[in-house]
Amino acid sequence: MTAELIDGKAFAQQLRGRVADAASRFHKDAGRIPGLAVVLVGEDPASSVYVKSKGKACLEAGMKSIEHRLPDTTNQADLIALVEQLNADDHVDGILVQLPLPGQIDDKAVIAAIDPAKDVDGFHVVNAGRLAVGEDALVPCTPLGCLMLLKDRMGDLTGLDAVVIGRSNIVGKPMAQLLLAESCTVTIAHSRTKDLAAVVRRADIVVAAVGRPEMVKGDWIKPGAVVIDVGINRVDVGEGKTKLVGDVAFDEAAAIASAVTPVPGGVGPMTIAVLLRNTVVAARARLGLAKDASL
Ligand code: NDP
């Protein structure tokens, strides 16, 4: 391996420390601590684990965690009524509805019901639009975490060729917008892209957000490129055991890239840290307080 490992776990830990300090400054300014409400519908085990770790991280950062767990038979109107109640609650600065939702509920309608000022996931069309036109926005946590790792490693990104593989509203599109705002030349690749390997070979920055285990091969990577692997895929390794791998063939990429994120321990830990960061950012903005420069 020649590439440097980008340690997302360590970076996320530092960010969480800065968020805790910012939360305590908010406390002094506002006379209360920032609050994050997380809503989980149903019993999906992975979602349940995420919600638990979000609540724990929130408390560790000196913030209030409000958890609502609803049965998987919940209907859309009841869920939207809860969201509206949280919108109206002054002690709630951020609202996160854990996706995916059960089939009887339309994700888009629920996201649209969240007050954009409390939309700490950055999924509301108002925040997506603000990001697209370069206004202050709450930005989706995973792509913002990727950008923080890139800037920490590379500094100024101006003029670099970036390829984002994946065009979801949650990762790929906002990632591309963020890189464009940093004056990268951005290509968004997806399942219909012709000759993906050739497209990726042009890139100084590769962000893979596909959901296909080890799809991006080492010989697709330009020597010296920086590779951010967003993918989280659980694969069988025999004897009833599984392991997590990314969308990038890690060993191959590490032999040619200048830096690469591991899976696990790369992008993954950044998502919750940025969620906490977004909650403090939202809390200050709602009260008309100046931005906290440390975030
Ligand atoms: P989606 O399934 O919503 O999007 C996947 C994207 O990959 C689509 O745009 C799709 O293209 C594209 N794609 C699929 N197959 C190919 C292919 N063969 N070649 C090129 N592009 C392809 O996934 P998400 O964006 O939500 O997530 C992507 C990955 O990131 C997943 O592994 C997920 O688990 C992980 N993830 C990790 C997070 C973290 O905290 N680290 C947070 C969020 C996601 P098309 O649009 O044409 O179908």
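No value in this document is a laboratory result; all are computed from the given coordinates. These numbers come from a predicted model, not from an experiment. Quick reminder, even Gly has a Cβ in these numbers, built from the backbone with ideal geometry, and neighbours come from all protein chains shown.
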(request) Please give the FRET efficiency for D219 paired with V125, using the beta carbon to beta carbon distance and R0 = 35 Å, rounded to the nearest 0.05. (result) 0.35
(request) Would you calculate the separation in nanometres between label points at E84 and K241, each defined as 7 Å from the Cα along the Cα-to-beta-carbon direction? (result) 5.3 nm
(message) Let's test the formula: R0 of 25 Å, r as the Cβ-Cβ distance of E4 and N169. What FRET efficiency results, to the nearest 0.05?
(response) 0.20
(request) Give me D78, D93, D44 ranked fewest to most by other Cβ atoms within 10 Å of their Cβ, as a rough exposure proxy. (result) D78, D44, D93
(request) Return the distance in nm (one decimal) between the two label points of a simple spin-label model at A290 and M154, each offset 7 Å from Cα along Cα→Cβ. (result) 3.2 nm
(request) Could you work out, for region 141-269, what percent of all Cα-Cα pairs fall into each 5 Å distance bin, beginning at 0 Å and stopping at the bin that holds the largest distance? (result) 2, 12, 23, 26, 21, 10, 3, 2, 1, 0
(message) If I stretch the segment between S47 and A132 completely, what's the gain in nm (0.36 nm per residue apart, minus their alpha carbon distance), one decimal?
(response) 27.7 nm
(message) Show me the ranking of peptides 227-236, 209-218 by mean Cβ neighbours inside 10 Å, starting with the highest.
(response) 227-236, 209-218
(request) Please compute the Cα-Cα pair-distance distribution of the chain with 5 Å bins starting at 0, giving whole percents from short to long. (result) 1, 6, 12, 16, 18, 16, 14, 10, 6, 3, 1, 0
(message) Give me the net charge for the shell around A290: Cβ to Cβ below 12 angstrom, other residues only, Lys and Arg +1, Asp and Glu -1.
(response) +1
(request) Just order 4-10, 272-278 by mean Cβ neighbour count inside 10 Å, highest at the front, would you? (result) 272-278, 4-10
(message) Just to confirm the number: angle between the C-alpha axis of helix 268-286 and the first principal axis of the chain, 0 to 90 degrees, nearest 10?
(response) 40 degrees
(message) Using only Cα atoms and rounding to the nearest 10 degrees, what angle (0 to 90) does helix 8-30 make with the longest principal axis of the chain?
(response) 20 degrees
(message) Quick check: net charge around E182, other residues with Cβ under 15 Å of its Cβ, Lys/Arg +1 and Asp/Glu -1?
(response) -2
(request) Would you mind telling me the antiparallel percentage of the DSSP bridges in the chain, rounded to 5? (result) 15 percent
(message) Restricting to Cα atoms and excluding each atom paired with itself, what does the Kirkwood estimate give for region 31-118 in Å?
(response) 13.2 Å
(message) Can you sort C141, C58 from fewest to most other Cβ atoms within 10 Å of each residue's own Cβ?
(response) C141, C58
(request) Starting with the fewest neighbours, write out L295, L82 ranked by other beta-carbon atoms found within 10 Å of each beta-carbon. (result) L295, L82
(request) Wrap a convex hull around the Cα atoms of region 201-266, take a quarter of its surface area, and give that in square nanometres. (result) 4.1 nm²
(message) On a full-extension model of 0.36 nm per residue, what is the gain between D72 and A198, subtracting their alpha-carbon distance, rounded to one decimal in nm?
(response) 40.9 nm
(request) Output the pairs from K9/K52; K28/K291; K56/K151; K108/K291; K108/K173; K217/K243 with a Cα-Cα distance over 21 Å in this structure; if there are none, say none. (result) K56/K151; K108/K291
(request) Taking the Cβ of I256 as the centre, find all other residues whose Cβ is under 11 Å away and add up their charges (Lys, Arg: +1; Asp, Glu: -1). (result) 0
(message) Under 8 Å for C-alpha pairs, at least 6 residues apart: give me the relative contact order for region 31-118, rounded to a whole percent.
(response) 39 percent
